[in-house]
Amino acid sequence: MKFTPEKYRIADEPMQPFIDSQEIWDYINNAKPTRERVRAIIAKSLNKERLNLEETAVLVNTTDPELVEEILQGARTLKEKVYGNRIVLFAPLYIGNKCTNNCTYCGFRTSNKDAVRMTLADEDLVKEVEALEDNGQKRLILVYGEHKDYSPEFIADNVRLVYGVKKGNGEIRRVNINAAPLDVEGFRIVKESGIGTYQVFQETYHPDFYTNYHLSGKKKDFNWRLTSLDRAQEAGLDDVGIGALFGLYDWRYEVLGLVRHTNHLEACYNVGPHTISFPRIKDASSVNTPAEYVVNDDDFVKLVAILRLAVPYTGMILTARESVAVRRQVIQFGVSQIDGGTKLELGSYAQTKNEEQNLNREQFMINDNRSLGEIIEDLVDNDYLPSFCTACYRLGRTGEHFMEFSVPGFIKRFCSPNAMLTLTEYLIDYATPEVQEKGWKLIERSLVDLESQANVAEIRNRIERIKQGERDLYF
């Protein structure tokens, strides 16, 4: 009998759960990856059309090495068409690791008695931000455990404090948030502080496995978390990020879960997620994770490429959980954002070099310990254009408006020039002479590439203005 599922078994309604695990498995179990079908799906994506669940299932079921390679190359081509060669940089800043949840995979879990619990005081937060600005960072994501102390008002105060810290030419122009789900009023309070993206990762989209991993605390409520970004939209916060923690359940299911979440947001709010994250489980204090669903490197590369093809317009974040080698490989298949110079221990950015790392103050271990400067040099060496751009968020190109720019590919007209302007700032203010020389050559090559589609004369004019001392110029 031919598999003919309904478009959605669960109707897409605002603020209502939308995951049907049987529906997702039916798509996976019935998808047939023929050569013709796989190539047709890749062609659809290259036309910058989002894939549906059936099409995504075909790609996750593809195992023929030749077709898998075509998926990878399709993702590489799509990334170049939509985003050019730019890579946006940011840093995570952990504010507090108090938590009332008991999540078996997390170092912040309430049952972890080895964890050293702390919350940054205002003066410590200022020191952390100053240290990040000294390295050239312009974009931060503030990270919190789930605890009554981390109220919407507390988060909003942190955001305003961060924006107010200026050191030399350093300033933070974009503050994103990774914190617990809020109610509508809570999201409204945080939005009014001027944040960029609010991230809530579902961890796993399988309700039963979700319950098994979340032993107690408010996070145990699958549907409260699942509908969190609906509440953000209802609060007027249309810039949201989704993610899954790969290694908790079958990676194929989680990829379809992310796509299902995307089409729910589009169906209800006419806007998809601004970013998708796909971290893999890594070691942390007092954490034991299952071996059954570990995602190997080959499957990880493949799932990143599939996500790129499935949702062409969405930014994709690759974190320092991954090794340098894996990051260098995966970045070419669809990643648009990475963190650099990452430190996860609370208060560690401002620490002196002789202070020891304390794993019991970290949520998990990282595997790329390079400085921001080293990562920028590596990007430049590989012809990627490092970017600290924040223009879209300050010009209102977010949510539905952002999709109007990004879905047709117009984003390249803004992002590549703005990347060059922010790289110019970095080269002048923070780079070593060697990186400066490499960076100027990359900017010149990038300007040549834009001759046919951008106002290169005006870009050059603004670069010269930055060299003369102006800052924060953007299109």
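The values are calculated or read from the model by the stated rules, or taken from the named source; none is laboratory data. Remember, it's a predicted structure, so these values are computed and weren't measured experimentally. In this analysis, Cβ positions are derived from the backbone assuming ideal geometry, glycine residues included, and neighbour counts consider all displayed protein chains.
Filtering the stretch 21-73 to residues that are hydrophobic (A, V, I, L, M, F, W, C), within 17 Å of ALA305 (Cβ to Cβ), in contact with a Lys or Arg (Cβ under 9 Å, 6 or more places away or on another chain) and part of a helix (DSSP H, G or I) leaves LEU46, ALA57, VAL58, LEU59, VAL60, LEU67, VAL68, ILE71, LEU72.
Meeting the requirement of 1 or more residues that are among the aromatic types (Phe, Trp, Tyr), the helices (runs of 4 or more DSSP H) wholly within the stretch 407-475 are 411-429, 433-449. Taking the condition crowded, with 23+ Cβ neighbours inside 10 Å, part of a helix (DSSP H, G or I) and in the same structural domain as GLN337 (by TED's automatic domain parsing), does VAL129 pass? Yes: the conditions hold for VAL129.
One line per residue, one yes/no per condition, for (1) in contact (Cβ under 8 Å) with a residue 60 or more places away in the chain; (2) in contact with a helix residue (DSSP H, G or I) (Cβ under 7 Å, 6 or more places away or on another chain):
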{"residue": "ALA75", "(1), (2)": "yes, yes"}
{"residue": "LEU78", "(1), (2)": "yes, yes"}
{"residue": "PHE90", "(1), (2)": "yes, no"}
{"residue": "TYR105", "(1), (2)": "yes, yes"}
{"residue": "ASP114", "(1), (2)": "yes, yes"}
{"residue": "ASP122", "(1), (2)": "no, yes"}
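Looking across the stretch 55-85 at every residue that is surrounded by 17 or more Cβ atoms within 10 Å (Cβ to Cβ) and over 29 Å from ASP378 (Cβ atoms), the one that is farthest from the chain's Cα centre (by Cα) is identified as LEU67. Contact annotation: residue pairs with Cβ atoms under 6 Å, 6 or more positions apart or on different chains, pairing a residue in the stretch 204-222 that is in the same structural domain as PRO181 (by TED's automatic domain parsing) and of a type in the set (A, V, I, L, M, F, W, C) with a partner that is surrounded by fewer than 21 Cβ atoms within 10 Å (Cβ to Cβ) and assigned to a loop (DSSP other than H, G, I, E, B), are LEU215/ASN102.
For the stretch 350-357, the condition of being modelled with pLDDT of 95 or more and either of a type in the set (D, E, K, R) or part of a loop (DSSP other than H, G, I, E, B) (or both) holds for at least one residue. Here LEU53 passes the criteria (1) out of contact with any Leu (no Cβ under 8 Å at 6 or more places or on another chain); (2) at pLDDT 95 or above; (3) outside the structural domain of ILE155 (by TED's automatic domain parsing); (4) not basic (Lys, Arg) except the one numbered (1).
For the stretch 92-118, give me the residue count where each residue is surrounded by 18 or more Cβ atoms within 10 Å (Cβ to Cβ) and closer than 21 Å to ARG160 by Cα. So the answer is 6. Within the stretch 48-88, the set of residues being under 30 Å from ILE443 (Cβ atoms) and hydrophobic (A, V, I, L, M, F, W, C) comprises LEU72, ALA75, LEU78, VAL82, ILE87, VAL88. When residues in the stretch 224-259 are screened for being among the small types (Gly, Ala, Ser), more than 26 Å from CYS392 (Cβ to Cβ) and out of contact with any strand residue (DSSP E or B) (no Cβ under 8 Å at 6 or more places or on another chain), 0 of them pass.
When we screen ASN270, ASN223, ASN263 for residues that are surrounded by fewer than 24 Cβ atoms within 10 Å (Cβ to Cβ) and under 16 Å from ASP208 (Cβ atoms), the only hit is ASN223. If the condition is being within 30 Å of VAL175 (Cβ to Cβ), out of contact with any Ser or Thr (no Cβ under 9 Å at 6 or more places or on another chain) and of a type in the set (A, V, I, L, M, F, W, C), then the stretch 57-94 contributes PHE90, LEU93.
Scanning the stretch 171-190 for residues being surrounded by 20 or more Cβ atoms within 10 Å (Cβ to Cβ) and either free of Cβ contacts under 8 Å to residues at least 60 places away in the same chain or small (Gly, Ala, Ser) (or both) gives a total of 10.
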